[in-house]
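J.: This is the structure I want to talk about, given as structure tokens.
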Amino acid sequence: MTFFQWQKDARRKTGRLILFMGLAVFSLIAGSNLVYALFRGYKSELPWTTWFTLDTFFIFSCLIGSVVLSASVTRTLTLRSKGGRAVAESLGGKLVDPATEHFHERRLLNIVEEMAIASGTPVPDVYVLHGEKGINAFAAGFTLQDAVIGVTKGTMEQLTRDELEGVIAHEFSHIVHGDMRLNIRLIGIIYGITMLAEFGYILMRAGGSSRSRDGTPLAIAGLGLMIIGYSGAFFGNLIKASVSRTREYLADASAMQYTRNNEGIANALSKIGGSAYSSLLQSAHAPDVSHMMFGKSVGGFFNALFSTHPPLEDRIRKLMPDWNGKYITPVLIEADADTPAATDTKTNTYSGPIKAETLTASLNAMGTPNASHLAYATALLSALPMRLAGAVHQKDDSVILLMALMLDDNPDMIEKRAVIIRKQYDEATLNQTIELYNTIESSSVSDPLVLVELTLPTLRTLPRPQQKQLLQTLLELAKADGKTTPYEWAILAIIQHHLGSARHKKTQVPFDSYGDVRKIGAEAAQIISALISMSGMDKEAKQSCYRNTMASLALAKQKPPAKMSYRDLSNALEAANRLKPDAKEKLLKACCQCIEHDGQIELTEAQTLRAMAVVMECPIPPLTTS
């Protein structure tokens with residue numbers, strides 16, 4: 001399936017979840033009516049059926065429906081506002097410092113960075129569950145912006161690089177295919193369904209602690225609610241199993257496609273079978289997140305009946321049909337015993353004109369990166385000068401690096417930009433910025449946007465005032481010459497999207513609220529006009545390109561904007577991010593058509609498209625030749 005088909009499938013799965021939730025709530029309402037009728041029948045001389053009426057059914061429907069719905073929505077919104085870090089921290093996860101020099105942590109971060117570059121996704125934060133000795137991992141978040149990768153200490157220390165790469169590739173598959181949002185919603189739904197058990201427990205404790213006989217009915221009612229509430233766990237596990245099992249097989253297959261190495265992930269699964277701790281988690285919150293883990297995180301007979309994961313043997317044999325059936329006993333991987341495997345795949349990026357089919361291939365690879373993209377990412381990171389490789393991971397240096405990317409060799413602009421940096425920071429920062437600029441210019445980095453993306457985990461750790469200061473400085477540097485180039489806009493768009501106000505203040509418009517590009521005709525005109533303005537076409541060719549592109553969107557009558565600005569384009573892209581998958585795909589293809597109109601595709605145009613895709617939450621892999 002394509003990226004957008006995966007997104008549609010995730011939306012269909014969400015519809016199924018809502019249906020299951022409705023059935024579960026109905027059964028809870030019916031069970032509560034039954035408990036109420038039996039209780040009243042016990043206290044009265046009338047038969048219990050007297051109390052089982054439509055009136056009581058309506059009352060219980062309102063009460064239970066409101067409790068379940070409010071609990072589910074509250075839990076989902078809480079997780080959405082905090083992103084994947086809420087899940088990681090609930091499991092005892094600790095954020096890995098991007099500048100860490102610890103061998104196992106550095107190796108883990110390198111693999112995550114390689115996979116992020118290869119897949120075209122923002123580099124996520126990485127958490128380690130230091131209290132967990134089993135082999136397990138997860139991806140959590142609501143959007144690509146707030147995604148995190150989490151691994152147990154056992155995963156980090158007991159897997160070889162190839163095995164760890166397979167596990168991380170598996171988790172990135174969940175990120176790009178929309179599984180994370182589905183999993184967050186599933187947590188909220190199950191939390192709401194089981195909320196009755198919590199109320200029942202409170203009532204039972206209150207009744208049991210009472211010394212008078214009046215407390216007995218309260219305790220009985222509480223016990224009844226607990227039984228009904230925990231029956232919700234039955235539906236919760238049923239929902240988890242129905243959603244998760246097939247997607248685990250698909251994520252395994254995707255990991256094999258990403259890495260072109262079936263033994264890596266297969267051996268990781270084999271080590272789960274050979275580990276004394278398996279993949280089980282000790283955290284009390286393990287049952288809540290069991291459906292989003294790489295391996296089975298909870299044991300017990302009841303959980304085995306509704307397992308969220310296929311049997312280990314089945315997963316391994318699908319990856320390695322000739323598997324001998326013997327598990328691997330994991331051991332600690334020493335620092336000097338695990339080095340990246342050499343690759344003979346020659347991968348390059350473009351520095352001049354780009355062929356139309358190359359841009360189309362990159363767009364088609366969205367959500368399904370392959371080994372050539374991963375080889376490119378590995379080679380790029382290996383070739384980074386030590387100064388740049390260190391700068392992307394250091395707080396102060398990452399800020400200086402971004403300012404350096406906004407400089408150029410225009411003599412007229414050097415002093416203007418120097419004044420801006422001195423005003424916002426100091427003379428020492430200016431000197432370091434110039435030094436980093438010279439390092440970038442003398443390096444072989446063909447796509448500086450990669451450096452921007454590598455700084456994101458570090459920039460997220462900055463206090464909010466420092467993030468605002470950086471954004472303001474970058475904006476002033478871009479405007480220093482009275483115009484914003486496509487390259488400058490691309491950098492600003494990526495940083496603004498991940499650190500700007502939209503990240504810290506959730507939009508009031510429902511996500512995915514537009515099913516047709518025509519609903520955002522004015523915004524689509526802004527996006528297409530911006531791409532056209534960045535091309536080298538003459539006036540007549542630009543007008544022709546605009547007419548043809550807008551006609552492909554069924555917006556032939558939409559006039560181009562009277563003026564364009566950075567803010568207007570950013571707002572237009574945020575609106576495009578709320579399109580449904582089919583409409584979003586149509587708009588991106590129209591953008592490609594626009595860029596290809598004159599038969600010449602420059603790297604800056606491709607970079608602009610990629611930055612637009614970042615804001616639209618569409619992960620486009622890098623442009624490569626293999």
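J.: For the full complex of protein chains and a 1.4 angstrom probe, list Asp252, Asp288 by accessible area with the highest value first.
T.: Asp288, Asp252
J.: Around Met406, under 14 Å between beta carbons, what's the net of Lys plus Arg minus Asp minus Glu among the other residues?
T.: -2
J.: Follow-up question, since we're still on this one. Can you return the aspartates and glutamates within cross-link range of Lys326? Criterion is Cα-Cα under 16 Å, with same-chain partners fewer than 8 residues away left out.
T.: Glu263, Glu313, Asp314
J.: Could you report the accessible area of Asp412 in Å², rounded to 10, computed with a 1.4 Å probe on the protein chains as they sit in the structure?
T.: Using a 1.4 Å probe on the heavy atoms, I get roughly 120 Å².
J.: Another question, if that's okay. So how tilted is helix 521-533 from the main axis of the chain? Cα-based, degrees 0 to 90, rounded to 10.
T.: 30 degrees
J.: Setting aside same-chain residues fewer than 8 positions from Lys584, which aspartates and glutamates have a Cα under 16 Å from its Cα?
T.: Asp9, Asp512, Asp516, Glu523, Glu574, Glu617
J.: For the full complex of protein chains and a 1.4 angstrom probe, list Ser283, Ser552, Ser382, Ser398 by accessible area with the highest value first.
T.: Final ranking, largest accessible area leading: Ser382, Ser552, Ser283, Ser398.
J.: Rounded to the nearest 10 degrees, what's the angle between the helix 262-274 long axis and the longest principal axis of the chain, both from Cα atoms, 0 to 90?
T.: 30 degrees
J.: Longest exposed-loop-site-free stretch of the chain, with GluC sites (Glu not before Pro), DSSP loop and at most 10 other Cβ within 10 Å?
T.: The segment 335-626 is the longest one with no such site.
J.: Might you work out the accessible area of Ile168 for me, using a 1.4 Å probe with all protein chains in place, and round it to the nearest 10 Å²?
T.: Roll a 1.4 Å probe over it and Ile168 shows about 0 Å².
J.: Please work out the FRET efficiency for the pair Ala389 and Tyr201, using the Cβ-Cβ distance as r and a Förster radius of 45 Å; give the result to the nearest 0.05.
T.: Efficiency at R0 = 45 Å is approximately 0.25.
J.: Given contacts defined as C-alpha pairs under 8 Å and at least six residues apart, what's the relative contact order of the chain, whole-number percent?
T.: On the way: 968 pairs, mean separation 100.1, N = 626.
Relative contact order comes out at 16 percent.
J.: Another question about this same structure. Pairs Lys82/Lys133; Lys563/Lys586; Lys468/Lys557; Lys94/Lys240: which exceed 29 Å Cα-Cα?
T.: Lys468/Lys557
J.: For helix 215-259, what angle does its Cα long axis make with the longest principal axis of the chain, in degrees from 0 to 90 and rounded to 10?
T.: Once rounded, one gets 30 degrees.
J.: What share of the DSSP beta bridges in the chain is antiparallel, in percent to the nearest 5?
T.: 60 percent
J.: State to the nearest 20 debye the size of the charge dipole of the chain about its Cα centre, where the only charges are +1 on K and R beta carbons and -1 on D and E beta carbons. Don't jump to the answer; show the numbers that get you there.
T.: Numbers: 63 positive and 61 negative charges, 530 e Å.
Roughly 2540 debye for the chain.
J.: Still on this structure: With just the Cα atoms defining each centre, how far is the stretch 411-457 from the stretch 520-588? Give it in Å.
T.: Their Cα centres are 31 Å away from one another.
J.: Grab the other residues whose beta carbon is less than 12 angstrom from that of Ala99, score K and R as +1, D and E as -1, and report the net.
T.: Overall, the nearby charge balance is -3.
J.: Next question. Ranked from the most accessible area to the least, with a 1.4 Å probe and all protein chains present, what is the order of Cys594, Cys62?
T.: The residues order as Cys62, Cys594, largest area first.
J.: Another question, if that's okay. Please give the length that would be gained between Ser81 and Gln600 if that part of the chain were fully extended, namely 0.36 nm times their separation in residues minus their C-alpha to C-alpha distance (nm, one decimal).
T.: 182.6 nm
J.: Would you tally the net charge around Val73, using a Cβ to Cβ cut-off of less than 11 Å, leaving Val73 out, and scoring K and R as +1, D and E as -1?
T.: My count for the surroundings of Val73 gives +3.
J.: Per DSSP H run of at least 4 residues, take -39500 (n - 2.57); add these up for the chain, divide by its residues and hand me the 222 nm value, nearest 500 deg cm²/dmol. Don't jump to the answer; show the numbers that get you there.
T.: Values: 27 runs with 398 residues, N = 626.
Taking each H run of at least 4 residues, the total per residue is -20500 deg cm²/dmol.
J.: For the chain, which whole-number percentage of the solvent-accessible area (1.4 Å probe, protein heavy atoms only) is attributable to carbon and sulfur atoms?
T.: Working: 15350 of 27430 Å².
The value for the chain is 56 percent carbon and sulfur by accessible area.
J.: What is the gain in length, in nm to one decimal, between Asp412 and Glu45 on full extension, counting 0.36 nm per residue of separation less the C-alpha to C-alpha distance? If you can, show how the numbers build up before the last one.
T.: Values: separation 367, 0.36 × 367 = 132.12 nm, distance 9.68 nm.
Difference between extended and current length: 122.4 nm.
J.: May I pose another question? How much accessible area does Lys519 have with a 1.4 Å probe, in Å² rounded to the nearest 10?
T.: 150 Å²
J.: Right, next: At Thr358 and Ala276, where each label point lies 7 Å from the Cα along Cα→Cβ, what is the point-to-point distance in nanometres?
T.: 5.4 nm
J.: Run the dipole for the stretch 6-99 about the Cα centre, Lys and Arg Cβ at +1, Asp and Glu Cβ at -1, nothing else charged, and hand back the magnitude in debye, nearest 20.
T.: So the magnitude is around 480 debye.
J.: Could I ask something else about it? What accessible area per residue, rounded to a whole number of Å², is obtained for the chain using a probe radius of 1.4 Å?
T.: Dividing the accessible area of the chain by its residue count gives 44 Å².
J.: Contour minus end-to-end for Leu54 and Ser565, with contour as 0.36 nm per residue of separation and end-to-end as the Cα-Cα distance?
T.: Computed gain between Leu54 and Ser565 is 177.9 nm.
The values are calculated or read from the model by the stated rules, or taken from the named source; none is laboratory data. Just so it is clear, the model here is predicted, and its values are computed rather than measured. Using ideal geometry, Cβ is built from the backbone for each residue, glycine included, and neighbour counts are taken over all protein chains shown. Keep in mind that these areas ignore ligands, DNA and RNA; they rest on the heavy atoms of the full protein, side chains included. Shrake-Rupley method; radii C 1.70, N 1.55, O 1.52, S 1.80 Å.
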